[in-house]
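As structure tokens, the structure follows; a few thoughts come after it.
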């Protein structure tokens with residue numbers, strides 16, 4: 001069994017350090033190893049690898065270069081896409097901040113509208129109460145108008161030959177004008193009620209005035 005060259009070298013080093021004599025066999029083996037190494041080096045220098053192997057190596061190198069270029073292009077594109085994504089994210093963040101401000105303004109406006117709606121409801125209730133009061137007062141005025149009209153008719157027949165006719169007529173007319181003025185003021189005070197109620201009482205007011213004019 002042959003001893004490996006490394007172990008043999010170690011053995012010889014130990015023997016040299018101890019001053020032991022190197023055997024002839026060991027020297028011959030070292031000479032053979034040295035000649036074999038020289039022969040291999042000479043063969044490599046005199047007989048280089050075949051040309052097809054060199055071409056194969058060149059092709060491998062070219063493929064590696066092409067792959068490196070493709071990787072560089074892909075990396076550049078990746079960096080550009082990341083930059084675009086970063087820009088788009090910044091724009092989206094700006095838009096989100098804008099929408100948050102708009103939402104805050106919307107909530108503020110909504111609360112203001114709700115407060116205004118509550119105020120309108122309160123005014124509507126007040127207007128409805130005022131309308132009922134006007135209805136009651138209008139009914140009373142119409143009854144008074146009918147009463148004064150009947151009284152005026154009887155007074156006209158009773159005093160048509162006396163001088164009190166004009167005095168009685170003027171007194172009734174003054175009272176009716178006072179009632180008419182109070183009704184007008186009440187309608188004006190309820191000017192914040194809705195249009196349908198206002199038109200209704202405007203018509204009633206006109207009819208009342210017409211009846212008053214007919215009595216005089």
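None of the figures in this text is laboratory data; all of them are computed from the coordinates on show. Bear in mind the structure is a predicted one, so any value in this text is a computation, not a measurement. Every residue, glycine as well, gets a Cβ built from its backbone with ideal geometry; the counts of neighbours run over all protein chains shown.
Worth a mention:
- Residue 132 versus residue 92: modelled label distance in nm, points set 7 Å from Cα along the beta carbon direction: 5.9
- Extension gain, residue 28 to residue 125: 0.36 nm times the residue separation minus the Cα-Cα distance gives 22.0 nm.
- Model label sites at residue 14 and residue 142, defined 7 Å from Cα along the beta-carbon direction, differ in position by 14.0 nm.
- Estimated distance in nm for a label pair at residue 55 and residue 79, the labels positioned 7 Å out from Cα along Cα-to-Cβ: 3.8
- FRET efficiency, residue 103 to residue 65 (Cβ-Cβ, R0 45 Å, nearest 0.05): 0.20
- When the P(r) of the range 83-132 is calculated, the portion above 11 Å amounts to 74% of the C-alpha pairs.
- By average C-beta atoms within 10 angstrom, highest first, the peptides 127-139, 86-98: 127-139, 86-98
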